[in-house]
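Asks: The structure that follows is given in the form of structure tokens.
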Amino acid sequence: MEHKGTVYIETPRLILRRFNENDAIMAYRNWESDAKVTEFLRWETYDDPSETERVIAEWICSYNEPTFYQWAIELKEISEPIGSISVVEQDEERTNKVHIGYCIGSRWWHQGITTEAFKAIIPFLFNEVKADRIESQHDPDNPHSGDVMKKCGLKYEGTLRKSDWSNRGIVDACMYSLLREEWLAERV
């Protein structure tokens, strides 16, 4: 892959950008303290803004690495980050794949925002980074996350039984993917 790091991407409603230290309070307020958001995630709901400050400080340091992809999802109409989307795992030695994770505050669910953010990073990851496979997964009890994947053109591959973990314990994982050749063929 040809890593570029977390680059600025703009859509009609969103700015996808690097986090900065001024985002900590908004991130804490908008999603990281929201138990509805973290129910299906691996990190627990934050009880204190200092936890958010620590994580964002780590991300800011990681932006020096061209293999690090962590975007703040900023809603233009309020000029605040309301979630994040990132490459949570990658394998460039063998499969040239990236695995995407995302979350947004529950106040903004079911408005197409996560879909808009995910769709925006796909061309970047295929055209610029040269990934061959984009994948993501969700708990079967969180079907709306799967809806995002489908709307972004990812195809359901199957459910991996008891293959993941979250705040709910050991869970199944519905796997979706999009291959670069499929994505390119759709553009012709």
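Asks: Find the strands (runs of 3 or more DSSP E) located wholly in region 13-106 whose residues include 1 or more that are touching a Ser or Thr at 6+ places or on another chain (Cβ under 6 Å) and open to solvent by less than 30 Å² (accessible area, probe 1.4 Å), and list them.
Replies: 70-75, 97-104
Asks: Out of 42, 107, 18, I need the residue that is modelled with pLDDT of 95 or more, closer than 21 Å to residue 146 by Cα and not hydroxyl-bearing (Ser, Thr, Tyr). Which one? Working first, answer last.
Replies: Values: 42 fails: modelled with pLDDT of 95 or more; 18 fails: closer than 21 Å to residue 146 by Cα.
Exactly one residue qualifies, and that residue is 107.
Asks: Starting from residues that are part of a loop (DSSP other than H, G, I, E, B) and open to solvent by 50 Å² or more (accessible area, probe 1.4 Å), keep the ones in region 137-150 and report whichever is nearest to residue 172 (Cα to Cα). If you could, list the steps in order and put the result at the bottom.
Replies: Step one: filter region 137-150 for residues part of a loop (DSSP other than H, G, I, E, B), giving 139-142.
Right, trim to open to solvent by 50 Å² or more (accessible area, probe 1.4 Å) and you get 140-141.
Working: 140: 7, 141: 9 Å.
Ranking the qualifying residues of region 137-150, first place goes to 140.
Asks: Would you tally the residues in region 80-98 being over 20 Å from residue 18 (Cβ atoms) and in contact (Cβ under 8 Å) with a residue 12 or more places away in the chain?
Replies: Taking region 80-98 and keeping what is over 20 Å from residue 18 (Cβ atoms), we get 91-97.
With in contact (Cβ under 8 Å) with a residue 12 or more places away in the chain added as a condition, the list becomes 92, 95-97.
The number of residues fulfilling the criteria is 4.
Asks: How about region 73-89: which of its residues are touching a Leu at 6+ places or on another chain (Cβ under 8 Å) and among the aliphatic types (A, V, I, L, M)?
Replies: Within region 73-89, 73, 75, 82, 85, 87 meet the criteria.
Asks: Does region 158-177 contain at least one residue that is within 17 Å of residue 73 (Cβ to Cβ) and either modelled with pLDDT of 95 or more or open to solvent by less than 20 Å² (accessible area, probe 1.4 Å) (or both)? Can you show your working first?
Replies: The first filter runs over region 158-177 and keeps only residues within 17 Å of residue 73 (Cβ to Cβ), leaving none.
Checked region 158-177: no residue is within 17 Å of residue 73 (Cβ to Cβ) and either modelled with pLDDT of 95 or more or open to solvent by less than 20 Å² (accessible area, probe 1.4 Å) (or both).
Asks: Still on this structure, please answer the following. Might you let me know whether region 107-130 holds any residue that is touching a Pro at 6+ places or on another chain (Cβ under 8 Å) and either over 23 Å from residue 2 (Cβ atoms) or surrounded by 17 or more Cβ atoms within 10 Å (Cβ to Cβ) (or both)? Steps first, please.
Replies: Pass one, region 107-130, residues touching a Pro at 6+ places or on another chain (Cβ under 8 Å): 116.
Retained after the next criterion (residues that are either over 23 Å from residue 2 (Cβ atoms) or surrounded by 17 or more Cβ atoms within 10 Å (Cβ to Cβ) (or both)): 116.
Checked region 107-130: at least one residue is touching a Pro at 6+ places or on another chain (Cβ under 8 Å) and either over 23 Å from residue 2 (Cβ atoms) or surrounded by 17 or more Cβ atoms within 10 Å (Cβ to Cβ) (or both).
Asks: Looking at (1) part of a loop (DSSP other than H, G, I, E, B); (2) more than 19 Å from residue 183 (Cβ to Cβ), which is the only condition residue 160 fails?
Replies: Evaluating residue 160 over (1) part of a loop (DSSP other than H, G, I, E, B); (2) more than 19 Å from residue 183 (Cβ to Cβ) leaves (1) as the failure.
Asks: Now, a different point. Residue 134: outside any strand (DSSP E or B), at pLDDT 95 or above and within 21 Å of residue 67 (Cα to Cα), yes or no?
Replies: Details: outside any strand (DSSP E or B): no; at pLDDT 95 or above: yes; within 21 Å of residue 67 (Cα to Cα): yes.
No, not satisfied.
Asks: Return the residues of region 1-12 that are in a loop (DSSP other than H, G, I, E, B), surrounded by fewer than 19 Cβ atoms within 10 Å (Cβ to Cβ) and out of contact with any Ser or Thr (no Cβ under 7 Å at 6 or more places or on another chain); say none if nothing qualifies. Break it down stepwise before answering.
Replies: Initial filter on region 1-12 (in a loop (DSSP other than H, G, I, E, B)): 1-8, 11-12.
This time we only want the ones that are surrounded by fewer than 19 Cβ atoms within 10 Å (Cβ to Cβ), so: 1-5, 7-8, 11-12.
Passing the criteria: 1, 2, 4, 5, 7, 8, 11, 12.
The values are calculated or read from the model by the stated rules, or taken from the named source; none is laboratory data. Owing to the predicted nature of the structure, the values given are computational and were not obtained by experimental measurement. Heads up, the Cβs are rebuilt from the backbone with ideal geometry, glycines too, and the neighbour counts pull from every protein chain shown. Side chains are part of the model used for accessible areas, which takes the heavy atoms of the whole protein and leaves out ligands, DNA and RNA. Shrake-Rupley method; radii C 1.70, N 1.55, O 1.52, S 1.80 Å.
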